[in-house]
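Report on the following structure.
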């Protein structure tokens, strides 16, 4: 004959204790893995936006990039952004935290309007005729927020000025606050910001 008995309270307690210990030990590892994945994704996103912008400006003659109308008569766009929340600026008042408003004195517009939908300023259009027209989409849509829910931003104004400053893609990073100056030459990320340099300024100007 075989005897059958249920698990005792002591045995159940031991099993639950071991499970809790293993879970507690695994949690930090899982958290670090998730953090690394987010950082890697932010770096990949920034690099993809950088490539799209470079392709956008590399062969233009028939359109005027980074304007609200797509022509030389349009207002200059100072910054392009993705969807997402506006991160806190830890370095004081800067253009990084300006709202999207193509009609404002400081022009801020969505990346997708220039790189995907060909609707700069929400209503303009880059010419699709001529020898070197707008040939988008230059990147897949939608251009999502960074892994922490904040927008990517690019200081494209410095494509259109002889002022010696770099053009770069910025994510505020895990702490969700911006520590990198908008106007800078020899750009390096401040704090835990993530950047991808689009162009080191050498006195070049995109008309």
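Some points to look at:
- Ranked by the mean number of other Cβ atoms within 10 Å of their residues, highest first, the peptides 135-147, 62-74 fall in the order 62-74, 135-147.
- The C-alpha radius of gyration of the chain, expressed as a fraction of 2.2 N^0.38 Å, stands at 1.44.
- The chain, relative contact order in percent, only Cα pairs under 8 angstrom and at least six apart counted: 22
- Dimensionless Rg over Rh [segment 134-207; C-alpha; Kirkwood]: 1.00
- Arranged from fewest to most other beta-carbon atoms within 10 Å of their beta carbon, 148, 96 become 148, 96.
- Diffusion coefficient, µm² s⁻¹, Stokes-Einstein with Kirkwood Rh over alpha-carbon pairs of segment 35-132 at 37 °C and 0.692 mPa s: 224
- Counting DSSP beta bridges with both ends in segment 9-199, the antiparallel % (nearest 5): 60
- Cβ crowding within 10 Å, taken as a proxy for footprinting-reagent exposure, orders 53, 195 from fewest neighbours to most as 195, 53.
- The relative contact order of segment 48-111, computed from alpha carbon pairs under 8 Å that lie at least 6 residues apart in sequence, is 26 percent.
- The angle separating the long axis of helix 9-58 from the principal Cα axis of greatest extent in the chain is about 10 degrees.
Read-outs throughout are calculated quantities, based only on the coordinates presented, and are distinct from any laboratory measurement. Note that this is a predicted model, so its numbers are computed, not measured. We place every Cβ from the backbone using ideal geometry, glycine too, and count neighbours over all the protein chains shown.
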